[in-house]
Amino acid sequence: MTRDRRRHAGFEHRAPPPRKPPPPGREWSRFLLVATFSCIIGFSAFGYGSYKKWSLAVRVVTLHPAPPILTPNSTSPAVSSHLFWGSYRPQLYLGMKTRSPRSVVTGLMWLLQSGSPSLRHTCEQGDGLARYGWLMHDGVNFGIQEIKEKGFTLRTEFVKRPGGHHGGDWSWRIVGTPDDPSSPQQLVSLLFYVATDGQGSLTPHMDKRNRLSSVTGKSEELERFTIHFPRPEGGADGHISYNHLTTVCPGLHHITDVVRSSVSDRFTHPAPDASSSRRRYFGLDSYHPPSHPGADHSHIVIHQVTMYLPTQVEMLFESDSFRQRPGPLSGATFSAELKMHKENMEERFQERFRLEEKGFLPEQVSFAQAALSNMLGGMGYFYGSSLVRSRHNLEPVSYPPAPLYTAVPSRSFFPRGFLWDEGFHLLLVARWDRSLAWQSLAHWLDLMNSDGWIPREQILGPEARSKVPAEFVVQWDENANPPTLFLALRQLLASATVSSEELQFLHKAFPRLQTWYDWFNNTQNGLLPYSYRWRGRDRDTLQFLNPKTLTSGLDDYPRASHPSDDERHVDLRCWMALASEVMVTICELLGEDGQRYKESHKALTDNSLLDKLHWSERLGAYADYGNHTQNVALEWERLRPAPGQDPRSVPPPRLVRVVRKSPKLQFVGALGYVSLFPLLLQILSPDSPKVGRLMDHLRDADRLWTPYGIRSLSKSSPLFLQRNTEHDPPYWRGPIWINMNYLVVRALHRYSQVDGPYRERALGLYRELRVNLIANLYRQYKESGFLWEQYNDQTGRGQGCHPFTGWSALIVQIMAEEY
């Protein structure tokens, strides 16, 4: 194409016009604009990222947005006067406090004046007491406890009397009796104290003989009060010595240390007869508090009475607002009030449990009363903050401070709240007093955070924290515990009538129960639909023979040998089936839409789907699924020194896990409590052949059956009674646990009541197992004086911690056949 044709066609090339140079500063302005915009975007992104990170970090300590179930003053004397004072310090042999955050507290100590002084205060297994525990305690008005010491017995009694505006009066009576009245008289000191918890004041008052006769005080919730120390009775013809101490200490958890450091043996006590010389004894002398005890220090006054046994000592608390007091709650008046409460409890106990009608002897009924009393006397009131962490927190953070009214598993070893224990506790508490159970439920649910998580172990306040090893203090927000509060709710809602107050509770609790239910489905779900997996398993595959699953409540029960996301845990699936059932019931009571809970319940109780996910034909039972091998063992690893290395620098031998065969995805071959869960929580249809298979295992003495109860792990399991580490003995690998046996008995009772091919067999197993459990626990209590954490599967002897005031007391329900 020629140039002319190009021009004609419009393709003639023209040079662009020359650009005009930009005005001065325009390029710089454009640069600044782009830079400013980029900075804004960058800072916004950084700010949003920082905010997002902050919001995730604080979410773990953000409480649930729904209004609390309990109003802030729900435990005040204006709202619940009859429960304001109580034996809410279960970690002590005897202690009283109010249900308030910074309570005035009282306590009892005693000092053995033979050999080196032995001071008793907090319940300690190391004290070696032959027995101690509540013989009677109604949870509200009174309590009688017996403490068997070396050579003598202390009987502690308390009675409350309503009146005034601050919870009324109460009195203690301590009776000391030598085991052998003909033996040389024992010299014993009783120490009574009253202490503030960072607020309030105390003023001691002395009589003419310089004996502490009373203490007046004032606090926020008690206002003014007086504690009286009447002269004791007995004490070998009135030969009594007195000491006292008024001081401050850094906190209530230091009171024992204050007393220990303040006693000296420079004092002498009158001889019981004229032919003997005076005897030296350890008495309260002086204490030098820290120069800066801190703003939350406790003011404490201690009254020491030293005397030869037998003796009787009283202590009286009187509220100044009780102006119509008929007279002191002491002496004959105290005895009459105590007798009235005892008779009321005996009558009420008979009405609730009807043990005499079932053929139990009076001493067996007394055993059952003691078991219930230890549960009720083990209820405590705690206030403080948990230490928690999430994956968004580099360091532990403090949960919002909150109260907790709860029973405790053990006064000596676990004197604090445990989430999965409490659901079992409330089964018995609710049979005795429904209102106490509802209050505990409300306190637990009010601890929920915005995601629906409840810290599983509640270590609230310095006193509680002082009893817990450091490695167990911090709670992780991905870790669950079995939702046994649904177990208690199921029983409460099965009542013929649910009161208007209880319906009001459910209305308030409903948003929290919904969130809690969703939290389990969002955080503990498995890879397959309607499967579940406990989070929080130990990940160390070298130290443990089988990595523990503390979050399941079954601790070292064998799970998959190599933790992975592929696991399916049958017990958690069954707990969620129970939770779905209860949510359906609550929705029906409240008129709420419960369709999603109905659908979940239908799927989770679908026996064919359950079998597909969890039935192991090889095991002949239900089982977990995961990355597993049976061929593991603990072996000593002996390190040899390298050439030229000093042999003394080589680490000592240690037990490590050796895997002899690689794991693979399969069912876990462990027959035990977990295998029984579809039966225990009554998910299996009565006509399911799996019911018969599980009953075979239950009654097989080479597997689960013993004359004392159902063992936790079959004798045929490779991990039966195997240690998990050198220092970690078997826990849920064979011993008998009463909470699980309660579920077995309850399930057998239910399957014996409905039509099905295994009805008669269930009835026979029920009767036999029930008799075995009752006989063994009664025998062990008579021999040892305690309910125990667990029982030996070979001998039936109690073992673990004691006294176990928690779910072992469910033996009362088994005796009463209350399921």
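Observations on the structure shown:
- Thr226 being over 25 Å from Thr256 (Cβ atoms), surrounded by fewer than 23 Cβ atoms within 10 Å (Cβ to Cβ) and at pLDDT 95 or above: yes
- Across segment 556-586, the number of residues qualifying as closer than 21 Å to Phe667 by Cα, open to solvent by 10 Å² or more (accessible area, probe 1.4 Å) and not hydroxyl-bearing (Ser, Thr, Tyr) comes to 5.
- Among the residues of segment 93-112, the ones that are of a type in the set (Ser, Thr, Tyr) and assigned to a loop (DSSP other than H, G, I, E, B) come to 3 in all.
- Taken over segment 290-334, the criterion of being assigned to a strand (DSSP E or B) and under 24 Å from Pro178 (Cα atoms) is satisfied by His303, Gln304, Val305, Thr306, Met307, Tyr308, Thr311, Gln312, Val313, Glu314, Met315.
- Some residue of segment 729-742 being of a type in the set (Phe, Trp, Tyr) and touching a Leu at 6+ places or on another chain (Cβ under 8 Å): yes
- Among the candidates Val498, Val429, residue that is open to solvent by 20 Å² or more (accessible area, probe 1.4 Å), in contact with a Leu (Cβ under 8 Å, 6 or more places away or on another chain) and either within 23 Å of Ser80 (Cβ to Cβ) or touching a residue at least 40 places away in the same chain (Cβ under 8 Å) (or both): Val498
- Condition check for Tyr287 on (1) touching a Ser or Thr at 6+ places or on another chain (Cβ under 6 Å); (2) not in a loop (DSSP other than H, G, I, E, B): one failure, at (2).
- Within the set Arg750, Arg759, Arg723, the sole residue that is basic (Lys, Arg) and under 22 Å from Leu554 (Cβ atoms) turns out to be Arg723.
- All conditions but one from (1) open to solvent by 10 Å² or more (accessible area, probe 1.4 Å); (2) part of a helix (DSSP H, G or I); (3) not acidic (Asp, Glu) apply to Leu506; the one that does not is (1).
- Residue selected from segment 781-819 under the condition part of a helix (DSSP H, G or I) and of a type in the set (Ser, Thr, Tyr), by the criterion nearest to Phe720 (Cα to Cα): Ser808
- Set side by side, the residues Asp285, Asp257, Asp265, Asp207 differ, and just one is charged (D, E, K, R), under 26 Å from Lys467 (Cβ atoms) and at pLDDT 90 or above, which is Asp257.
- Among the residues making up segment 696-719, a single one is in contact with a Pro (Cβ under 9 Å, 6 or more places away or on another chain), crowded, with 16+ Cβ neighbours inside 10 Å, of a type in the set (A, V, I, L, M, F, W, C) and in a loop (DSSP other than H, G, I, E, B): Leu719.
- Answer residue from segment 519-528, given it is assigned to a loop (DSSP other than H, G, I, E, B) and more than 24 Å from the chain's Cα centre (by Cα) and is surrounded by the most Cβ atoms within 10 Å (Cβ to Cβ) among those: Gly526
- Scanning segment 505-545 for residues that are among the basic types (Lys, Arg) and closer than 30 Å to Lys661 by Cβ turns up Arg533, Arg535, Arg537, Arg539.
- Members of segment 128-182 found to be of a type in the set (S, T, N, Q), within 27 Å of the chain's Cα centre (by Cα) and either surrounded by fewer than 19 Cβ atoms within 10 Å (Cβ to Cβ) or assigned to a strand (DSSP E or B) (or both), listed by number: Gln145, Thr156
- Residues within segment 422-439 that are part of a helix (DSSP H, G or I) and either basic (Lys, Arg) or farther than 11 Å from Ala809 by Cβ (or both), tallied: 11
- In segment 723-745, the qualifying residues are those that are farther than 15 Å from Gly669 by Cα and in contact with a Pro (Cβ under 8 Å, 6 or more places away or on another chain), and the one that is least open to solvent (accessible area, probe 1.4 Å) is Asn724.
- Enumeration of residues in segment 183-201 that are in a loop (DSSP other than H, G, I, E, B), under 34 Å from the mean Cα position of the chain (by Cα) and surrounded by fewer than 22 Cβ atoms within 10 Å (Cβ to Cβ): Gly198, Gln199, Gly200
- Of the residues Val744, Val771, the single one that is at pLDDT 95 or above, over 27 Å from the mean Cα position of the chain (by Cα), assigned to a helix (DSSP H, G or I) and aliphatic (A, V, I, L, M) is Val771.
- Within segment 595-636, the set of residues being among the charged types (D, E, K, R) and either over 16 Å from Tyr530 (Cβ atoms) or crowded, with 18+ Cβ neighbours inside 10 Å (or both) comprises Glu617, Arg618, Asp624, Glu635.
- For segment 748-756, the criterion of being touching an Asp or Glu at 6+ places or on another chain (Cβ under 6 Å) and open to solvent by 30 Å² or more (accessible area, probe 1.4 Å) is met by at least one residue.
- Of the criteria (1) touching a Leu at 6+ places or on another chain (Cβ under 9 Å); (2) closer than 23 Å to Glu149 by Cβ; (3) of a type in the set (Val, Ile, Thr), which one Ile240 fails: (1)
The values are calculated or read from the model by the stated rules, or taken from the named source; none is laboratory data. None of the values given here were measured: they were computed from a predicted structure. In this analysis, Cβ positions are derived from the backbone assuming ideal geometry, glycine residues included, and neighbour counts consider all displayed protein chains. Just the protein is used for accessible areas: all its heavy atoms, side chains included, with ligands, DNA and RNA removed. Shrake-Rupley method; radii C 1.70, N 1.55, O 1.52, S 1.80 Å.
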